[in-house]
Structures are given as C-alpha cells and as structure tokens.
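Working notes, structure below.
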Amino acid sequence: MSSRHPLVRVKMHVLLLKEPRDGESGPDPYIKELVSHGHKATLIPVLSFKFVSLNTLSDKLFQPEKHKGLVFTSPRAVEAVKMCLEAEERREEWNSSVKDKWNNKSIYVVGKATGALVRNLGLNPLGEDTGTAEVLSRVIIEREDTNILPLFFPCGSIKREVLPTALRENGVPLETLTVYQTAEHPDLEKNLKNYFTEQGTPVSIAFFSPSGVKFCLEVVRRLSGDHLTQIKLIILLFWTSIGSADAEKLFHNRDHSDVQALSSHQAEVITDTYTAEVYLSRYGFMKPVNWEEIQFEDPHTNFNDDFVDELQATIREGNSVPRSRDTPKDGDRDEHTTQTESEAFVSALTEFQKVSGLPVTGVFDEATKLAMNKPRCGVPDMEIDLNTPAAAASDILSSPTSDSFNETGSNSTAMRRRKRHLAALVSKRRRKRDVGETGYMAFSKKVLRWRLIGEGYSSQLSVEEQRFIFRQAFRMWSEVSPLEFVEDTRSPLEDVDIRLGFGTGRHLGCNQRFDGTGQEFAHAWFLGDIHFDDDEHFTGPNAGSGISLLKVAVHEIGHVLGLPHIYRPGSIMQPSYLPHESGFEMDWMDRKAVQHLYGGCKGRFNTVFDWIRKEKTPYGEVAIRFNTYFVRDGWYWLYENRNNRTRYGDPVALQAGWRGIPVDGVDAHVHVWSRRRDAVYFFKGTQFWRYDGENDVVFRQDPEGRRYPRLISKGFPGVSSPIDTAFYDRRDSHIYFFKNTLVYAFDVEANSLARGFPKNIRDVFPAVASGDHPDGNIDAAYFSYTHNAVFLLKGARFWQVVGSRDRWRRPSLPRNGLLPHKEVHRHWFDICNVHPTALKLTR
Ligand SMILES: [Zn+2]
Ligand SMILES: [Zn+2]
C-alpha cells in the first residue's frame, strides 16, 4: 500500500477495529484515507451478522400500501432488503412496480453509505447528509405528520432507541422489524492475536463503535502488555492523530447509528472457574462478587454521555472500560482465582449441579459449563428469607417431593444475599404488601393492573403482539388462582401494580444490568416490575424458534406473585428456559404454589352437569363419552375428572359450547337418558330449549311443530317456574326440579309430577348431620357419572347425597340423606374467574 506513496514516510501503524464496507467496491475509505497520509492501516472486523425474519421483511416490502415510507439507518438493513429481492426472485416485480410505489412515499436514510445502497435498489433516499439518527429523526418529524400509517424500519438486533423514541414522542408511528442480529465476530480474538504477533503493538487503534471497545479492549490490553501506554487509544470521536478536518470528514462519511449500541452485547460466556463463580453468586448460590457495585446505580444518567465519560477516563488512565458489573479490576481477579478453590465455591457448584439435575461432581466440568451458559431467569435460585412468600412457598412445596427441591437452609451467605436483594427492591419501590391468610406476603387485592410501559417496548415484536402475549400470560395465572389481571394503559404509573418492559444492558432505571444475548433473559422484582432482555430473540408462542415470550412472561409473573424457582420437570417456575413443547400448561405444582399464597378459587355456579355424548367407534360400537361442565353467568369450564382440573384456556363463552342457548347463562341442563329417550334440555327463567347434539345447535321446534323456547309449565306440567336448578336421575327416570325450599320429581314416562310432589327438600334429602343442610335456593343439583353420586351445590359448599353403596356400608344412613357439607374448591380444582377483559382471548 505504501508503494503508492513512495515519497511519504510511514508515520504510524493504525489498527482499525471496524466492519469492512459491504456492497462497495474498492478499498475501505478509511484505509484509503490513512494510506494517503502515509500511515499503515489494518482492518479487523469486530462483529458478525446474521439475517433474520426475511420472510416477514419480504411480505412488508411487497405491500407498500401498508406503510407511509421506509427508514434505513444501516447498510446491513438495506442488504437484507436486497437479499429478499434476490432470494425470492422478485427483482422484476420490484423493478416494474413496487419500487415506484415506495418512491411515491418517503425513503429515509441516515448517511451516504446507506443512501448509496438504497439507490442501488432503485429507491430515492432522503436524509443522506443527516449523519446521525438524531438528526435524521428531526428531519422525519419535520416532514411527517402524525399519520395513521406507520413508517417501516428494518433494523438490527442492537437496539437503536434514539430514532424510535424521538418519533414516538412526536406521534409519528413507526413499525420496527429486526432483520439482522449482531454478535462478536467469531475470529476476533484470533485475528487480534495474529496482528500483534505479526505487526507488533500498533501506534494507534481506532474504535469505530462501542461494540469495538467492548469486544476488543480487554484483549488488546492483554496482548500489548507493557506496551499499552505507548498506544494512543483512539475512537473516532477523539481522533487526534490526523488533522481535525480529516476527522470531521471521516465522521460525516460514515453511518453513526451504531454509536448508540453500547448497551448491547453478547453475554459473557462462562468458560472458567472465575466466570462460573460470578454466575453462582449472581444467581444466589454463593456470596456475591462485587455486589455493592451494582447497587443503586443512578437510573437517570444518560447512557451515551456516560459512555463517553467512561471512555475518556479509560484513555486517560490507560485502563479498561468496565465490561460488566461483575468483571473485577485486575488486582481482584487474582484474588478471586485463589478463592475459586475454596470450599464455598465447591459447595455452591455442588448445589447448582444438584438443582440442575446434573451429575454432582463438585467440579466445574463440561456438563456444568453447558448448563450455566443456557438461557435462564435472572432471579436468584436460592431463596431463604422466611419473611418472603417465595421462601414460604418453597417451604410448603418441598413437602410432597422434597428431594426435587433445593435444600436451602445451610447457605447463610445466600440468605444474606437474598435479603439484600429484597431489601433493595423494597426500598426502591415501596409497595403495599400484606400478610395473607396463609401468613405470607402476597398481593392483598384480587384484581391487579398491569402495563407494558411505553419506554420499554420490544424491538422485535410489534407492540400489539407484545400486549397480546402478556394478556395471555396473565390470563394463565388467572385461570389457576383467584387473582384477576387487567391491562391498564391510562392510570398514573404508580397505580399500576405490575409494569413490564424490555431493555438492554443498563435498562429502565433498574439496578440489575442485563448481560446481552444469551444467559439471562429476564428478571422480576418482587411485587412489582418485570424486565425482559431485549438482546434476546423473543418470539411469539408458535414461532418454534427463539425464546417464547409467553413462557418467559408466565414465569416472571410467577415471581412477581411471590413464587420461587421450582425444580420440577414441567413446572413453569424452573429457572432455565426449556425450548421444547410450544404449547404448555401450568403444572400441578405451579397451581398449588400460587393457590397456597392466594387461596383456591371460590364462587357460586348457575349449574353443573355431565354432558354425555354417544360416539361410534371405528368398529361400529357406541362409545359413551362425557365431561363435566361448570357454568357461571355466560361462561363455562370443562372439568377434566381424570386430571382433576379444568381444561387449559377455560372459561369460555357458553355460546362457544352450545349454540342457541341464552348467552347470559342457564339455570339447569338436563339429559333425559333412558332406553327409549335421549333428550337434552336447557332451562332458563320460565323457558326451556331442547338441544340437538348431532347438529350442535338448539332445536327450532319440537316434533309436534311447537317452537322453542317453550314454557316450562307447558313442557313439564305441574312444575312451577322459574326453577333454581334440576337434574335427571337415571335410576328412577325422574327429573328433579328445585325451587326455593321445594323439590318437584317429574316422571318423564308419565309426563307428569310423581305422586306426592312437590315436597320439601328437607323431606326428600334429609340432613345426615343435624342442621347441616342447604335449606333451599340450591344453585346446582348434579348427578356425577364419575362419582356415581348426586351433589347439591349452594354458594361455595356442596352436599353429597347418600347413595346405595353408602347405605350398604352404613345402613343407618337415611335414604337420599345429605352428607355433611364440603368446600367446592377443595374438591373441584382451578375453577377460576378471569377478568372480563381477558375473557375473549381464547377459543
Ligand atoms: Zn425465575
Ligand atoms: Zn431490570
């Protein structure tokens, strides 16, 4: 290179830590510029890229009518567009019509390099001279009004907040799509080593991006050793070795969007006992390393200013930029290396292996290394403080399957840490906490408000998608607990109970930093906030790749409600993310855990019944199938008797189960089922409907041509309506109608009341234990095929009717006597209300 300038003496060796210019021919402009000044320059790429979501990108590109225009702040995003056109062989379609449609809209770019690539696509860009995202956003805001159509912004996984935030604040809608992901270049360290071996220590190093500093500085420091002070550490903004005019020129000649990228990087890989120790302390297995450092960082500091300060300090002192909170200064490292041999480390490692289901070796082996590098929740595992519901729950939960639980009692340092953890949370945000009836802290109210906060949207999913997923996640807890959750987008933020947001690195004023892509994906603050690491690839529930946001959200909500980690296969509260099974349900343990804190689900029902269907088997035999249904107002739960729980996703609208019956509920369902008859009726008020099971809709009229609904008094002469409830007793072919304190036995074959009816309920169904009787106004009378027994329900209680088997065992029991009452929720589990706003989410 210097041969082109034979008269200029080589002034210095410059190492450029930057990406080569893609899509441009000729040498890198910086190398060219430096060489022309007689310097010797070498370029080592810092990052590697992977394109993602190209199908989605393609869809959007070919529907220009859905957006107001395009925004590009990096050449890489334009490259993604180019790949879409080429991969799908749609270049022609693009050239003939689509590009012109876009050209009628606005195409914004941040700099010349991006602009040039955009021109290659046949588009006419605006904003090539803006240079920074900030200036570009000002241009956009000036030009765009608050349209209904959003601008479309394909971008990288490293979050660029300046532009989206500025546009959002000014009401300019923007839709972002991550089209490429950024990570440290796999050969970075190798290339750096080679450079230092072959060329020696360079005089200057140019960092072109915060990522460059982040990924390289430590290695550079190590490689240059004593020569470090001889290097003029340089980044572009502090370019001193060439003239200021040149610096200015270079500055404007490049895209600066990545200058905002410091807060994002790859999580530090756990490779040795030192990093393993950091991991074990971070997640509560042993005394923390440098814990104090991360406490109470000022949430209001502007991160970019910070970065410049840090960097300036670095340059002055010739020291390393703190890479993460856990990385100690040089002197500390040695100290810790000796400590890793210590008993504390071995015992923490053993504990980790035990709870992770690994071979318990007490040695930092391959299996342990692998497990530590898996994605996991950021909430510490060991929770000891008995004043917390988390610990309380683990205490209770450990009883049935104690060996699957961590034994926490011995680890006092972990206990201290946990306490500190909680203390920090509590002081940070004083929230109302309560001692529930079970004696543990939990939310004291049943209806909790949540919000996805505006400054914390994910950069990867649309806002609507994020909110929908969160609604589903909250609904899942609602389905198994007495809690109800409602999205609140209006109240002052202080009044919102649970706030959710995405962020990277230092985020959302939180005092626990995120670690970048990999490992920690989210954390939750006790009775408060949930943060998701936006450097992770979060996806929708059916994506099949990435990390399911739904799963992670359900897990973190569990923490907010007070649950600890649960080491049981199938539990949503396991600390590690398990990628398999796209659909998932709440495990038995999860349900019991939350109900331990908040109690079971109670409430009265309109009616309860077994719905019997006859189905032909492939062999022509008739198989009888039935399920139990619980009805409250216009909603029903299907009860799985075999699993003793409600179906996942219930309750659902009554209409979804039976078409044509009253939408706001029914008083009774009766299935007359004998050798000669098979008829299903629904009762409501003074009317009844017959249901056509074959066509799954109510009959319009009866065989005599009388239209449904018919009056109960006409169809069942002698029965006084409206009724409270009814059931059909196969044993005597009678329908028993209940009204106030009376019961009417109706003989189906004779089509009239049985002799002597109506009678007092107490006479037909006498109390077995004196005084223990519902005394009329029964909610539901239910013949259970599963239990082969009749139950009367009223309020939260039920009474089982003495059957022939009971009398065979205990002949003294009165015929049809009512056994002492029990609680409905202790017998039929998880029949839980969800908030009305969440009712329409499923099925
Ligand atoms: Zn967790
Ligand atoms: Zn956080």
To the nearest 20 debye, what is the magnitude of the charge dipole of the range 49-183 about its Cα centre, counting +1 on the Cβ of each Lys and Arg and -1 on the Cβ of each Asp and Glu? 180 debye
Calculate the length of the line joining the C-alpha centroid of the range 471-529 to that of the range 607-628, in whole Å. 43 Å
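Can I get the semi-axes of the range 607-765's equivalent ellipsoid? Compute them from the C-alpha gyration tensor as square roots of 5 times the eigenvalues, in angstrom, largest first. Could the numbers behind the result be given before it?
On the way: eigenvalues 126, 70, 61 Å².
That gives 25, 19, 18 Å for the three semi-axes.
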What are the semi-axes of the equivalent ellipsoid of the range 500-628, taken as the square roots of 5 times the eigenvalues of the Cα gyration tensor, listed largest first and rounded to whole Å? 38, 21, 12
Return the loop-located trypsin sites (Lys or Arg not before Pro) in the range 646-705 (DSSP other than H, G, I, E, B) with at most 12 other Cβ atoms within 10 Å of their own Cβ; answer none if there are none. R675, R676, R677, R700
Place +1 on the Cβ of every Lys and Arg and -1 on the Cβ of every Asp and Glu in the range 49-183, take the dipole about the Cα centre, and give the residue among A116, L54, T182 whose Cα lies farthest towards its positive end. T182
What spacing in nm lies between the two simple spin-label points modelled at E218 and Q655, each 7 Å away from Cα in the Cβ direction? 5.9 nm
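Sorted by mean Cβ packing within 10 Å, highest first, what order do the peptides 120-127, 357-364, 276-283 take?
Details: 120-127: 18.0, 357-364: 14.8, 276-283: 24.4.
Top to bottom by mean Cβ count within 10 Å: 276-283, 120-127, 357-364.
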With +1 on each Lys and Arg Cβ and -1 on each Asp and Glu Cβ, how big is the dipole of the range 580-637 about its Cα centre, in debye rounded to the nearest 20? 320 debye
Carbon-plus-sulfur fraction of the accessible area of the range 607-765, 1.4 Å probe, in percent? 44 percent
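Which entries in the list K602/K684; K50/K369; K445/K551; K354/K592; K112/K193 go over 30 Å, if you measure between the two C-alpha atoms of each? Working shown, then result.
Numbers: K602/K684 23 Å; K50/K369 25 Å; K445/K551 25 Å; K354/K592 24 Å; K112/K193 33 Å.
Correct reply: K112/K193.
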Can you give the extra length, in nm with one decimal, that the chain gains between T56 and N760 once fully stretched, where that is 0.36 nm per residue apart less the Cα-Cα distance? 246.6 nm
Between the range 664-731 and the range 735-774, what is the separation of their alpha carbon centroids in Å? 19 Å
Between the modelled labels at R604 and E494 (7 Å from Cα along Cα→Cβ) the distance in nm is 4.0 nm
Surface accessible to a 1.4 Å probe, per residue, for the residues of the range 496-555, Å²: 18 Å²
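Just how large is the dipole of the range 607-765 about the Cα centre, in debye to the nearest 20, putting +1 at every Lys and Arg Cβ and -1 at every Asp and Glu Cβ?
Numbers: 25 positive and 20 negative charges, 32 e Å.
About 160 debye.
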With every protein chain kept in place and a 1.4 Å probe, the range 607-765 has an accessible area per residue in Å² of 49 Å²
Per the range 526-589, sqrt(5λ) over the Cα gyration tensor eigenvalues, sorted largest first, in Å, gives 19, 16, 9
10 Å binning of all Cα-Cα separations within the range 131-201, expressed as whole percents from 0 upward: 18, 34, 18, 15, 12, 3
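The values are calculated or read from the model by the stated rules, or taken from the named source; none is laboratory data. Note that the structure is a prediction, hence the values are computed from the model and not measured. Heads up, the Cβs are rebuilt from the backbone with ideal geometry, glycines too, and the neighbour counts pull from every protein chain shown. Only protein heavy atoms, including side chains, enter the accessible area calculation; ligands, DNA and RNA are left aside. Shrake-Rupley method; radii C 1.70, N 1.55, O 1.52, S 1.80 Å.
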